[in-house]
Every structure is written in structure tokens, then in C-alpha cells.
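Taking it in order: structure first as C-alpha cells, then the write-up.
Please treat every number below as a calculation from the coordinates, not as lab data. Computed from a predicted structure; not experimentally measured. When we count neighbours, we look across all protein chains shown, and the Cβ atoms used for this are built from the backbone with ideal geometry, even at glycine.
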Amino acid sequence: MDIRVRDATADDIPSIEELARKFFFSVGIPNYQIHFQCAGLPWQVAVNGNNELVAFNANHGLPNGVSMGYQLICNPKYQGRGISKFFDTMHFSTQPMLGNVSGDSIKRYRFDIWAEKLVEYSGFAQCWLLRKPRDLEGFWIQPLRKETMKDLVNYDRDVEGFERSTFIEKWCLGEEATTLLCFDSERKCRGYGTLRSCGSYYTLSPLYADDDGIAEVLFYQLFHKLKSSDHICMLFPARNRLLTRLVSRLQLRLTTIELRTYQTGTRFMIRNLKMGKVYCMHDYWPV
């Protein structure tokens, strides 16, 4: 088999994005660049004799020493040739991993338990279908500014269990993103949400809040930044009743069901994640 596996470089991002767009789904070149810059572990690519990229594996080395599987995509012409054996996946991993695994691929991976059912919904942003939530007494919503970045980072760390300030600054600021924060009367952050462009669609990731009331106001205000022709995609815990109700009202379509799987060395993370505050989540991070 004339296939060579090597570590990916920043120059591979356009080819990675093209492969993902053709055969799976793409988050857009700008977002792949952010993911790559914050990866913590080398991504891997497989190239053929013509130096054409035919597969890639993107893992994410988290600050707590755990590896999270993100995307493994292979050109269908090259599937069944054992390429994945050369990648550091949940089946062949050299270190503890966690990942989101779909039903059609769960047999291919080795894990100990699954601890969360995740659902992805997508569709057009029919904002008029949403009911305006009640005003939050004693709270206010404001756009993220550099002056309030520290508040966001602190809140995010409480939910995630570790700090990821470099990623947050790249993801939550800039022309591609709209980020709103909720503060209480003592100016303490009580939640935040980010709406970000992925090229052909938008993602609401993440949306964290102390309670349903705050989450719904953030959701409503972020959603109304979209046009009716915009396509939206969001991933969230299946047990979240508020999001289940909102996507039903918006007539969004269930596109994916995944299970959060853990290997033995990663199970401590189940205790550390504040899932009660997670309303919409990243697929590149635990939440």
C-alpha cells in the first residue's frame, strides 16, 4: 500500500477541510485552524504516492493530560486498507482517551463506559417560532469585550474543569463569532453563549448557564442574530429538557446521536464536568 502517515502541518488545513467537506462535514478553514493551533497533540495525515491527502486523524490533547478524539475521516477509496491502525484512535490509543462515538462506528472503538447521550439538531433559523422569554430581574446581557474576557474564562473553567483561555479568545472574539455574557447585580458572570460561523452554517457552541432562565434568554438573543436563510447546528446533552423543547419549537431536525465514551484513565472527568450548566457544547472539547 503506497500510503505514508505523518504529522500534519498548518499547510495541510485546506486539504483537511476539503476532505471533511466532501466525505463527512466541515467546520470551515478558520475553525480548523483554531482547532489545530490549540490541539495540544499532533494531528496525523495519510498521503498517497502522489502526495494527495487521503485521510486524517485529529485528536485533542487536553490540559489535564487526557486525549479526546475529534475527527477521523478517510477517502472512501482508501477505506478497508488498515490506515486507521497507524492513527492514535480509541482502539489503538497509547494514552487514555475519551470521544463522541456514533452508533455506526461504536463497534470499532475500545472503551470502558459511556456516560452521556448527545444529540445534534440542525435546520434553518426560523427565529419567529421562538417565544420571547421573560426578562431576567437583576441580571443583564452584554456582548463580550476584551475587558470582560477574564469573567468568561473564569466561568468557563468552572464548567470545563480546566482553563482554555487561548482557545476561548480565538473562538469567542472576532468577526466570525458573536458572544453574549450574563451578569448578576454583583457583576458575577452567570452564563455565556457563542454563535460562530462554520462557513456554510452556524453553530451555537457553547451555551453554558446557571439555570434554564438564563440559558433561554441567551439562546433567544443569539438566535435572533441569524437570518431565516441561515443554517444552524447545535450539539447538546439529550437529557437537557430546555434545549429539547427549543429545537422542537424551531422545527429543527435530529441529525446525529452520539455517546460520550470513556476509557479507564479518563473517568475522573465525569465528576469534573458541570453538565448541569451545559446547554449547547463543542464537539472539540468535553463540553
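Let me know the shape class of segment 3-95, please: from the alpha-carbon gyration tensor, a ≥ b ≥ c as square roots of the eigenvalues, rounded when a/c is under 1.5, otherwise prolate if a/b is greater than b/c, or oblate.
oblate
Rounded to the nearest 10 degrees, what's the angle between the helix 212-223 long axis and the longest principal axis of the chain, both from Cα atoms, 0 to 90?
That works out to roughly 70 degrees.
Roughly how many whole Å is it from the C-alpha centroid of segment 237-282 to that of segment 26-42?
First find each Cα centre; the distance between them is then 22 Å.
Classify segment 119-280 from the C-alpha gyration tensor, please: rounded if a/c falls under 1.5, else prolate or oblate depending on whether a/b exceeds b/c.
Rounded shape, in that the Cα axes give a/c under 1.5.
Test of understanding: what is the full-extension gain from LEU254 to GLU186, defined as 0.36 nm times their sequence separation minus their Cα-Cα distance?
Here the segment from LEU254 to GLU186 would lengthen by 20.6 nm.
For the chain, what does the alpha-carbon gyration tensor say about shape, rounded, prolate or oblate, given a ≥ b ≥ c as the root eigenvalues, a/c under 1.5 as rounded, and a/b over b/c as prolate?
prolate
Summing Lys, Arg as +1 and Asp, Glu as -1, what charge do residues with Cβ under 11 Å from the Cβ of CYS233 carry, CYS233 excluded?
With Lys, Arg at +1 and Asp, Glu at -1, the net is -1.
Given Cβ point charges of +1 (Lys, Arg) and -1 (Asp, Glu) and nothing else, what value in debye, to the nearest 20, does the dipole of segment 3-95 about its Cα centre take?
Value, rounded to 20: 320 debye.
Report the FRET efficiency, 1/(1 + (r/R0)^6), for ARG245 and ASN75, where r is their Cβ-Cβ distance and R0 is 35 Å, rounded to 0.05.
Efficiency computed from Cβ-Cβ geometry: 0.30.
Exposure proxy check: THR256, THR178 ranked by fewest other beta carbons within 10 Å?
THR256, THR178
Applying a 10 Å radius around every beta-carbon, put 30-40, 134-144 in order of their mean neighbour count, most first.
Most protected by this proxy first, the peptides run 30-40, 134-144.
Given a cut-off of 19 Å, name the pairs among LYS132/LYS227; LYS117/LYS274; LYS117/LYS227; LYS117/LYS277 whose C-alpha atoms lie farther apart than that in the structure shown.
Listed pairs above 19 Å: LYS117/LYS227.
In whole Å, what is the distance between the alpha-carbon centres of segment 127-201 and segment 53-83?
When both Cα centres are located, 30 Å separates them.
By how many nm would the segment from GLU147 to GLU18 lengthen if fully extended, with 0.36 nm per residue of separation less the alpha-carbon distance?
Extending this stretch completely gives an extra 42.8 nm.
If you add up the charges near PHE23, with Lys and Arg at +1 and Asp and Glu at -1, over every other residue whose beta carbon is less than 12 angstrom from its beta carbon, what do you get?
After counting each charged neighbour, the total is +1.
Using DSSP to call loops (not H, G, I, E or B), can you name the trypsin sites (Lys or Arg not before Pro) in segment 221-287 whose Cβ has at most 15 other Cβ atoms within 10 angstrom?
Sparse-neighbourhood loop trypsin sites (Lys or Arg not before Pro): LYS225, LYS227, ARG239, ARG267, LYS274.
What is the dipole size for the chain, taken about its Cα centre, with +1 at each Lys and Arg Cβ and -1 at each Asp and Glu Cβ, in debye to the nearest 20?
Details: 36 positive and 32 negative charges, 141 e Å.
Result for the chain is approximately 680 debye, rounded to the nearest 20.
Provide the FRET efficiency to the nearest 0.05 for the LYS85-GLU52 pair, computing r from the beta carbons and using R0 = 22 Å.
About 0.65, to the nearest 0.05.
Tally Lys/Arg at +1 and Asp/Glu at -1 over every other residue whose Cβ is under 15 Å from the Cβ of CYS198; what's the total?
Charge balance near CYS198 sits at -3.
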